[in-house]
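Written out below as structure tokens is the structure these notes cover.
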Amino acid sequence: MLRSLFGLVAASLLVAGLPLAGCGSGARFDEGSLLAHIATLSSDEFGGRAPASPGEEMTVAYLTGAFEELGLEPGNPDGTWVQAVPLVGSTAITMQGSADPGGDWEPAVDFVAWTKRVVPEVSASGELLFVGYGVQAPEYGWDDFGDTDLAGKILVALVNDPPGEHHFGGDAMTYYGRWTYKFEKAAAMGALGALIVHETGPAGYPWEVVSGSWTGEQFDLRTPGGNMDRLEVEGWISREQAVSLFGDAGLDFEVARRAAAFPEFTPVPLGITASFALETSHREIDSNNVVARIPGSEAPGETVIYTAHWDHLGTALGMEGDNIYNGAFDNATGTTGLLALAEAFAAGGAPRRSVLFLAVTAEEQGLLGSRHYAENPLYPAADTVAALNMDGMNVWGRTTDITVVGLGQSELDDIAAAVAAESGRVLTPDPEPEKGFYYRSDHFEFAKVGIPAFYPDGGVDFIGKPPGFGMEARATYVAEAYHKPGDEVEDWYDLSGMVDDLEFLYRMGRRLADSADWPEWSATSEFRAAREAARP
């Protein structure tokens, strides 16, 4: 199937007059070729590329066929093109929630809830306890829990970090603001469950993303014992439902939210009991990271990684109308970039160090594929020079700048600045640091184990476009297409900016791969200690 599928796609591209790579005019990357790959990967036939679906089989076959056609070698030392990622999938059969007082909640409207425990049923009731932002950060002198006994409680927490210029990075969100942290911390503190209050501004996406992303099958890494260390109930409630809850408790939600912005905050019992009845079906599967490699000529044991996630949200059964989450921008563009860079390296001669092209699974489920690789690396983390991540590449045209999410984290920025300057471009910081993008894509899992990780995003200063166009385009995408069936290839796509960004990424990766230097984390980076432990 692998060769036949890729052969059919290749033939269709050639019939259409589009080369698989290279434009034939001497340029390294070609817009037509890129668009053809994006269109194929995000087509309805691929079904939204969900893990453990027919779309995964097609995607893995397409990528492995492409890498093999380009002459790369299998990236797994066992001689295969994949790294198995053990997952457990959980699908809600019934989801019921209520509050006393307050009555029943409507699923996907008032709340979404689930359990990551591998059990068929959960019936849980507990007192609601407002814990502010749900953060325990001794380095900031912050503790939202104090000595409160959380056993049997269902915590209600605000999304993002406490606001303020003097703590938690100012405008830039820290990992304490991520929903993953809040659930992890609640479980570690012995709570029964946790609900995060959704607010569009701080979250960075509307409620429809929550209801769409957390009501279908969800995945987690498979662990011995059935994930019983997780909370019994995890979930989100809408802002409107939170306002109603606090009103039933005789409190003003806005007043409570403002009080939570100060380190003197202490937990507030709401005097309300929330009850959940969850019936869930489970399946254990192995999804796949796809790995291809170009061995280094002089230092093959040292590795530079390019990474992009191939997965998206799949197909929503029972949804009326368009029910396929095609994921064109997120992340057929990044996956296409991975293929294009692989061909550029294959054509450019063997680099000094090895280069690994890693297409990871289950990013949309919480960075699971990259987390599994980081915890079970095919090539040692201590010998990995850097990881360069692509997640949503520029489809709006050329820019004078390159946005770097997490600018200032490592010496990779110095290399990037020098490469960008060669083509008259500049690096700019993330214009929306409050949304915490550094903790929302696969590079983060590499950073956690100490590998210097670099995440460039499309710039915002567009050539030939009016001021503000870049931020308006971002906002429109989030409102209309992010994690929605509307994320499809559009006739207005302009991939000239993607070509520029791929050229930048190629030159940066090539410089790292041909060098003997080891970039370091900055002195203030929270990831420096892990690198120093691995490479004393």
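The values are calculated or read from the model by the stated rules, or taken from the named source; none is laboratory data. Remember, it's a predicted structure, so these values are computed and weren't measured experimentally. A quick note on method: Cβ atoms are made from the backbone with ideal geometry, for glycine too, and the neighbour counts reach across all protein chains shown. Remember, those area values only see protein heavy atoms, side chains included, never the ligands or the DNA or RNA. Shrake-Rupley method; radii C 1.70, N 1.55, O 1.52, S 1.80 Å.
Structural remarks
- When we screen 235, 212, 201, 164 for residues that are part of a loop (DSSP other than H, G, I, E, B) and either touching a residue at least 24 places away in the same chain (Cβ under 8 Å) or open to solvent by 10 Å² or more (accessible area, probe 1.4 Å) (or both), the only hit is 164.
- Yes/no for residue 32 being of a type outside the set (Ser, Thr, Tyr), part of a helix (DSSP H, G or I) and at pLDDT 90 or above: yes
- Summed over segment 373-400, the residues that are assigned to a loop (DSSP other than H, G, I, E, B) and in contact with an Asp or Glu (Cβ under 8 Å, 6 or more places away or on another chain) give a count of 8.
- Residue selected from segment 167-188 under the condition of a type outside the set (D, E, K, R) and modelled with pLDDT of 95 or more, by the criterion most open to solvent (accessible area, probe 1.4 Å): 188
- Residue that is nearest to the chain's Cα centre (by Cα) [pool: residues in segment 128-141 that are open to solvent by 10 Å² or more (accessible area, probe 1.4 Å) and in contact (Cβ under 8 Å) with a residue 24 or more places away in the chain]: 133
- Condition met for residue 79 (over 30 Å from residue 236 (Cα atoms) and at pLDDT 95 or above): yes
- Note on segment 480-502: among residues that are in a loop (DSSP other than H, G, I, E, B) and of a type in the set (A, V, I, L, M), the one that is modelled with the lowest pLDDT is 481.
- Single unsatisfied condition, residue 338 versus (1) assigned to a strand (DSSP E or B); (2) within 19 Å of residue 445 (Cβ to Cβ): (1)
- Restricting attention to segment 250-262, the residues that are part of a loop (DSSP other than H, G, I, E, B) and either among the polar types (S, T, N, Q) or open to solvent by less than 60 Å² (accessible area, probe 1.4 Å) (or both) total 2.
- Among the residues of segment 124-177, those that are among the β-branched types (Val, Ile, Thr) and out of contact with any His (no Cβ under 8 Å at 6 or more places or on another chain) comprise 131, 135, 148, 154, 156, 174.
- Flag for residue 314 being without any contact (Cβ under 8 Å) to a residue 60 or more places away in the chain, of a type in the set (Gly, Ala, Ser) and over 18 Å from residue 440 (Cβ atoms): no
- In the set (1) of a type outside the set (Ser, Thr, Tyr); (2) within 28 Å of residue 44 (Cβ to Cβ); (3) surrounded by fewer than 19 Cβ atoms within 10 Å (Cβ to Cβ), residue 247 fails one condition alone, (2).
- Taking the criterion of being of a type outside the set (Val, Ile, Thr), part of a loop (DSSP other than H, G, I, E, B) and surrounded by fewer than 23 Cβ atoms within 10 Å (Cβ to Cβ), the residues of segment 56-101 that qualify are 70, 71, 76, 77, 78, 79, 101.
- Scanning segment 459-479 turns up no residue that is open to solvent by less than 10 Å² (accessible area, probe 1.4 Å), of a type in the set (Val, Ile, Thr) and not in a strand (DSSP E or B).
- Residue within segment 260-279 that is of a type in the set (Asp, Glu) and within 28 Å of the chain's Cα centre (by Cα) present: yes
- For segment 272-295, residues that are touching a helix residue (DSSP H, G or I) at 6+ places or on another chain (Cβ under 7 Å) and open to solvent by 10 Å² or more (accessible area, probe 1.4 Å) total 2.
Okay, residues lined up against (1) without any contact (Cβ under 8 Å) to a residue 40 or more places away in the chain; (2) open to solvent by less than 20 Å² (accessible area, probe 1.4 Å); (3) closer than 25 Å to residue 219 by Cβ:
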site	(1), (2), (3)
350	no, no, no
357	no, yes, yes
375	no, no, yes
387	no, yes, yes
403	no, yes, no
416	no, yes, no
421	yes, no, no
427	yes, no, no
431	no, no, no
